[in-house]
Amino acid sequence: MTLFECDLEARLPACNLARAYHVVVSRDLFGMFVVEVTFGRIGAPGRNLRYAVDEIGAVRARVRQVLRRRLTAPRRLGTAYRCRSLYDPEGWLTEDGLDLAA
């Protein structure tokens, strides 16, 4: 069961920049929360990181950490990450004050 899912993209053709981030939070068969982060160049397989956490507070902290770093992209990369799709039924982003639509 997916609890949270977000797809982000950053494109800057002049600099040959095309990056993607995919963040998914779900539960495994043992009841642990799993945070999966896949990132890399658009069109390439990318790198996949998985974090197994037993409490929801730590899950939200990990998601916040990943997404807050993406919000600094205009300063670092020269372009912002844009949200391509979002599944957030519990409103984690609004509660945490993260605005990925900007």
Check on A73, touching a Ser or Thr at 6+ places or on another chain (Cβ under 7 Å), of a type in the set (A, V, I, L, M) and in contact (Cβ under 8 Å) with a residue 12 or more places away in the chain = yes
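Could you please find all residues in region 1-60 being among the β-branched types (V, I, T) and over 22 Å from P89 (Cα atoms)?
The answer is I42, and nothing else.
Each reported figure results from applying straightforward, stated rules to the coordinates on display, with no laboratory input. Keep in mind that this is a model prediction, so the values were computed, not measured. Every residue, glycine among them, receives a Cβ derived from its backbone with ideal geometry; neighbour counts consider all protein chains shown.
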